[in-house]
Each structure stands twice: as C-alpha cells, then as structure tokens.
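Participant: Mind looking over this structure? Questions follow.
The values are calculated or read from the model by the stated rules, or taken from the named source; none is laboratory data. Predicted, not measured: the structure shown is a model, and the values here were computed from it. Here the Cβ positions follow ideal geometry from the backbone for every residue, glycine too, while neighbour counts run over all protein chains shown. Just the protein is used for accessible areas: all its heavy atoms, side chains included, with ligands, DNA and RNA removed. Shrake-Rupley method; radii C 1.70, N 1.55, O 1.52, S 1.80 Å.
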Number of protein chains: 2
Amino acid sequence: MSNNECSIQQTLDVIGDRWMLLIIRNLFRGARRFGELEEDLGIAKNLLTARLNKLVGAGIAERVPYQERPLRHEYLLTQKGRDLSPSLVALMKWGDRWCNDGSAPTVLVHSDCGTPLMQVTHCPTCDDSLDPGQIRSRPGPGAQEALR
Amino acid sequence: MSNNECSIQQTLDVIGDRWMLLIIRNLFRGARRFGELEEDLGIAKNLLTARLNKLVGAGIAERVPYQERPLRHEYLLTQKGRDLSPSLVALMKWGDRWCNDGSAPTVLVHSDCGTPLMQVTHCPTCDDSLDPGQIRSRPGPGAQEALR
DNA sequence: AGAGTCAGTTGCAAAAGTAAACTGACTCCC
DNA sequence: GGGAGTCAGTTTACTTTTGCAACTGACTCT
C-alpha cells in the first residue's frame, strides 16, 4: 500500500541490510581497502565482496585502482555515498542517547571549530526546529506526476 | 576495532534489519494494529510477531490493550521510538534525492504551516549548517571518562 | 625457492525469511 | 444456536541468505 509511495522503502532496498551502513561508516572514516574493511568490521570476505559490488553497482562507492601488478583497488564514496552522512549521523545520535545513556562514545564535531554538532529538522518558513509531533507526511511532486 | 566505540553499531543491532525501520515508519504514520502493519508492509505474520516483540523488548514500542474480550493490543511508539524520527527523515531524504530524481513521493511538512522541511547538521558555535566534509569524529565523553 | 600478502572465490552448514495452513477467542447475523 | 467472519497470532514445510573455513591466483620480498 504505502510501500512505493515512500523513499524509505527504496533507500532500505539499497542500504538496509546489516552490513551496508557499517561499511559506509568505515568508508567515511577513511577506510579504503578490502582488507582494512574486513578486519575492522569482522565481516566474512564473501559478504564483503558482495556488499562492495552492490555499493559500486548502486553508485554509492567507486572502485579505483591504486596499483597495477597485482591490480588492486580501493573503494571511495561518491557524492551519492557522502550524502548518506546525515542518515549515519542521525542513527549515531540515536544510539548515543538510547544505547549509551546519552554519553557519546564517538562525537561528531565541526572540523573548523571543534564544536559538537546538532542535527535538526528545520522549517524554513517558521525558521524553527521541530520535534516529531510537528511533522506530517503528504504525497509529494513525484506522486502527483504519476496521477496525471 | 572501531566497533564498540560507535553508536551506529549498537543502533543497527536494534533496528538494522530489513523490516524494523519500515515497521517503525508505519507506526509513525499512525498504523497501530497487527493486521494493519501486516497488510501495509506485506510482511509474513511470524516475522511481524517477532519484530514487534523485539520492538517492545527494546522499548521502542509499547503494547497497549485497546479491547478486552478478545484481548487485543495496539502498538504505540515510545519516546525512544519517536526519537528515531530524524533517522527516518534522513533516509527518506536520501531516497528522494538518489532513488527518485529529487522528486519526493512523500514529502514531510510542518504540521503548523505546511512548509516542506529541511534537515540540517548544525554547528551551534558557528550557527551554520555543515556538509559532510566539515564533519570529524572524535572520542566523546563516554570514551573520555574511561581515560581519566 | 619458499614464505607472505592481498583480494578475492568456492563449498557447505546454520540461520533467517516466506507462504500457507491451522488455532483460539471472540462477534455478528439469520 | 449454528455458520461465517475477524483478528492476532503459531506451526510447518520450504527457500534464500549468512557465516565460516579452506582454497586460489597474482604478485612481492628475502
């Protein structure tokens, strides 16, 4: 019913498995090579292979050779991948608050000034940040086009 | 290595499977009953049972009787569950942009004024919104306490 | 030549997911 | 009061996906 109306479904089809976001998190932190990811995550090699192929196929990461003979690649986030940053930040914040008593094991800071960051849902009209009760969903432009 | 330092891992342990976030999304949208979730999502009944138990066990949803004879429950998000809103919003935005050409099938609006919302990562010191390149991670208060 | 590294592939057992049938406690209607 | 229907599951049989370990291939280093 509400499935195809919603981007959450489509997003989760791509990155909604147990490993994807963890791999992406490590790519954000600077991991690039197969072995590096494998060791950090403790993921089985075949799964890592499959996941990296999926990431590359989805355009979230790209495979770039860093040496010939033997040919070796590294995996870099594309813009599409880097754009997952807010999602990771949001999930991390939730974990900080609800799985770690509000004390963050890792904290995100502004690279310029070192201030810990906030993530907010913002209404441009009211110029205010909102909580969940003030958010409604409604069909957007994509849905309207399908009806015409 | 970096596993336990990070709340993303812990968050995904709780809600990082294919169904959890979709169930939570539907709870956000007002679904409350077993059959409602089952039909909307197309999830197998046994999985829905297992997932709802996990959500209740994790304190993300609570099971509240809405009738006796026969006893029937509905599932409501707790504060912990409602607090996943920013994560869902972020994932949805990503899907809008990257899976739907930027046109949102469903759009989130401010209930007061109807304006479509933005989600931003914000530096309270600089009073500015940031992009991923300006974000660094470092050990937080949880980790620091362990060092003192 | 032998040992080591890196990035995978292959094979198999275990776990998780799916679909469909079944259960139990009721209500509704003739 | 008997039959049909609803709702929220449970059970069962089957398929798919994981996870682990061992193996491969192309090299380098000593």
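Participant: Give the stretch A:94-115 a look and list any residue that's open to solvent by 60 Å² or more (accessible area, probe 1.4 Å) and either under 26 Å from B:Leu108 (Cβ atoms) or more than 7 Å from chain B (Cβ to nearest Cβ) (or both), or say none.
Facilitator: Selection gives A:Arg97, A:Trp98, A:Asp101.
Participant: Can you name every residue in the stretch A:43-65 that is open to solvent by less than 80 Å² (accessible area, probe 1.4 Å) and assigned to a strand (DSSP E or B)?
Facilitator: Our first condition is that a residue be open to solvent by less than 80 Å² (accessible area, probe 1.4 Å); within the stretch A:43-65, this holds for A:43-44, A:47-53, A:55-61, A:64-65.
Those that are open to solvent by less than 80 Å² (accessible area, probe 1.4 Å) and assigned to a strand (DSSP E or B): A:Ala61, A:Val64, A:Pro65.
Participant: On to the next question. As an exercise: evaluate A:Leu77 against (1) touching a strand residue (DSSP E or B) at 6+ places or on another chain (Cβ under 9 Å); (2) open to solvent by 60 Å² or more (accessible area, probe 1.4 Å) and give the number of the one condition it does not meet.
Facilitator: For A:Leu77, the exception is condition (2).
Participant: Still on this structure: Checking A:Arg72 against (1) open to solvent by 50 Å² or more (accessible area, probe 1.4 Å); (2) over 14 Å from the mean Cα position of the chain (by Cα); (3) free of Cβ contacts under 8 Å to residues at least 24 places away in the same chain, which single condition isn't satisfied?
Facilitator: (3)
Participant: What's the number of the condition B:Leu22 fails, among (1) in contact with a Lys or Arg (Cβ under 9 Å, 6 or more places away or on another chain); (2) open to solvent by less than 10 Å² (accessible area, probe 1.4 Å); (3) free of Cβ contacts under 8 Å to residues at least 24 places away in the same chain; (4) within 16 Å of DNA strand D (Cβ to nearest atom)?
Facilitator: (1)
Participant: Another question about this same structure. I'd like to know if the stretch A:124-143 contains one or more residues that are more than 16 Å from DNA strand D (Cβ to nearest atom), open to solvent by less than 70 Å² (accessible area, probe 1.4 Å) and touching a helix residue (DSSP H, G or I) at 6+ places or on another chain (Cβ under 7 Å).
Facilitator: Within the stretch A:124-143, one or more residues are more than 16 Å from DNA strand D (Cβ to nearest atom), open to solvent by less than 70 Å² (accessible area, probe 1.4 Å) and touching a helix residue (DSSP H, G or I) at 6+ places or on another chain (Cβ under 7 Å).
Participant: Restricting attention to the stretch A:28-42, and to residues there that are part of a loop (DSSP other than H, G, I, E, B) and within 18 Å of the chain's Cα centre (by Cα), which single residue is surrounded by the fewest Cβ atoms within 10 Å (Cβ to Cβ)?
Facilitator: Just the residues of the stretch A:28-42 that are part of a loop (DSSP other than H, G, I, E, B), to begin with: A:29-33, A:42.
So of that shortlist, the ones also within 18 Å of the chain's Cα centre (by Cα) come out as A:29-32.
Details: A:Arg29: 13, A:Gly30: 7, A:Ala31: 21, A:Arg32: 16.
The qualifying residue surrounded by the fewest Cβ atoms within 10 Å (Cβ to Cβ) is A:Gly30.
Participant: Filter the stretch B:35-55 for residues that are touching a strand residue (DSSP E or B) at 6+ places or on another chain (Cβ under 8 Å) and within 10 Å of DNA strand D (Cβ to nearest atom) and give the result. Full working, then the answer.
Facilitator: Narrowing the stretch B:35-55 to residues touching a strand residue (DSSP E or B) at 6+ places or on another chain (Cβ under 8 Å): B:37, B:52, B:55.
Residues satisfying the conditions are B:Leu37, B:Leu52.
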